[in-house]
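The values are calculated or read from the model by the stated rules, or taken from the named source; none is laboratory data. None of the values given here were measured: they were computed from a predicted structure. Don't worry about glycine lacking a Cβ; one is built from the backbone with ideal geometry, like all the others, and counts go over all protein chains shown.
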Amino acid sequence: MTLEISHSFPPDIIREILLKVSTVKSLLRCKSVCKEWYTLISDQHFIKSHYTLSTTNNINYAHHRLIYKQDNDLISCPLYDVLFHNSANHTLLLEIPFQQTRGFRIIGSCNGLMCLFGVDDNTLFIYNPSTRATNILPPSKQGADWYVFSGFGYDETTHDYKVVKLWRCWPYWGTVIYSLKAGSWKEIGRFPLVKLFNDGKFLNGALHWETGDYYMWHIVSLDLGKETYGEVLPPEYDVEVDMMSHLGVLGESLCVLYNYIKSHVVDVWVMKVYGVKDSWTKLASIPDIWWDRDLILDPLCISKDGKVLLRLGPQLLVYDSKNSSSTIIDNFNRCHQACIVVESLVSPFPPLGLADINDDENQGFDDDHDANGIVSFKNPLKKESAGEKL
């Protein structure tokens, strides 16, 4: 029957049909049908096209999953159910790639891949929850026995996934970067500021960390292509003693939440044009939110019709900007971390699945820093031997 199908339809038609297969799980099954289908579905151009369709043809968010940490479990559910039915239906317990007695952290997600940090042995993993493929990263000599913050993102200039680790070496933070393509760590010097609050948020080819305090705080960026630090200027805000800021990403925009604890209001700001300070726009002021100052706020996503999904400590909230209403999602009383993942066939191992094979992967970089309003930091400790393995 398979041979009949392969001979009845031109290869281009078969490719278009397979690209529209509903889930990655179904595509993985299709790889077992015949050698031709296995080769096609494993092809890097097919993987890239499938991911592009999954992210753009998302009227019902069919390929989007909300993945969250509950105790020491990793759970997945359809994003559509959360945004439009205000509940977590059809949850799936994921098989995490390690056993941890002291738990793990979700560092971030990108192109269908997740980066996880195992607390027991300071181990970093790149994990595709759709294919269950796992890449356990080798340890770095720097920061092996110290508490670390991390970040995970994709460098489009070299078609490379990179993991950044910041470790405390008093009075500053050191920085090492792991390249999945090179398969090695390298050191790039110190983090430019002293106080650090969160793992890096990935957007526009850079990772972003929040640092400082409510009187004077900064958004530090790390360009993954140039591997240089900069600063993105935050929106203006009313300084209050009982005010906390929280950095995140909403859609294609950098996002800041200002939590005014006394007035029980959260202001949601988004940066319409990356790197342009004047483009910060207040998206919403969410009233009547009751929590204490230690509760973590995390912006997760925004739908095309203006629904904003936020994590409020162990709970999830959907704010509808059209009618200014808020709804707490059912079944999320123990949500410790969360992220949005688009199902993909992207492998956590080289060759990396979103590269354009015809591109020149050895292109050079412009020595000047980003001109879109990004302020450069000087890095006096950058080492000459930055390319060697640590």
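Restricting to segment 211-225, and then to whatever is part of a loop (DSSP other than H, G, I, E, B) and free of Cβ contacts under 8 Å to residues at least 60 places away in the same chain, can you tell me which residue is farthest from Tyr154 (Cα to Cα)?
Tyr215
Is it true that Val232 is under 26 Å from Phe191 (Cβ atoms), among the hydrophobic types (A, V, I, L, M, F, W, C) and not assigned by TED's automatic domain parsing to the domain that holds Leu317?
Here the answer is yes, as Val232 does meet what is asked.
Let's see how each residue does on (1) among the acidic types (Asp, Glu); (2) more than 25 Å from Glu16 (Cβ to Cβ); (3) modelled with pLDDT of 90 or more:
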position	(1), (2), (3)
Tyr51	no, no, yes
Thr56	no, no, no
Ser109	no, yes, yes
Leu116	no, yes, yes
Tyr127	no, yes, yes
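Of the residues in segment 91-100, how many are under 16 Å from His336 (Cβ atoms) and modelled with pLDDT under 85?
2
Inside segment 336-355, can you point out the residues that are at pLDDT below 85, hydrophobic (A, V, I, L, M, F, W, C) and under 24 Å from Leu74 (Cβ atoms)?
Leu352, Leu354
For Ser54, indicate whether it is within 18 Å of Thr134 (Cβ to Cβ) and surrounded by 15 or more Cβ atoms within 10 Å (Cβ to Cβ).
Criteria not met by Ser54.
Report, by residue number, each residue of segment 180-208 that is surrounded by fewer than 19 Cβ atoms within 10 Å (Cβ to Cβ), modelled with pLDDT of 90 or more and more than 20 Å from the chain's Cα centre (by Cα).
Residues satisfying the conditions are Ala182, Gly183, Ser184.
Conditions first: (1) closer than 30 Å to Gly112 by Cα; (2) surrounded by 18 or more Cβ atoms within 10 Å (Cβ to Cβ). Ile261 passes all but one, so which condition is the exception?
Answer for Ile261: the failing condition is (1).
Could you please tell me which pairs satisfy a Cβ distance under 7 Å, a separation of 6+ or placement on different chains, a first residue in segment 250-276 that is within 10 Å of Asn204 (Cβ to Cβ), and a second residue that is surrounded by fewer than 22 Cβ atoms within 10 Å (Cβ to Cβ) and among the charged types (D, E, K, R)?
Ser253/Lys272; Gly275/Asp370
Restricting to segment 220-234, name every residue that is crowded, with 19+ Cβ neighbours inside 10 Å and closer than 16 Å to Thr281 by Cβ.
Residues satisfying the conditions are Val232, Pro234.
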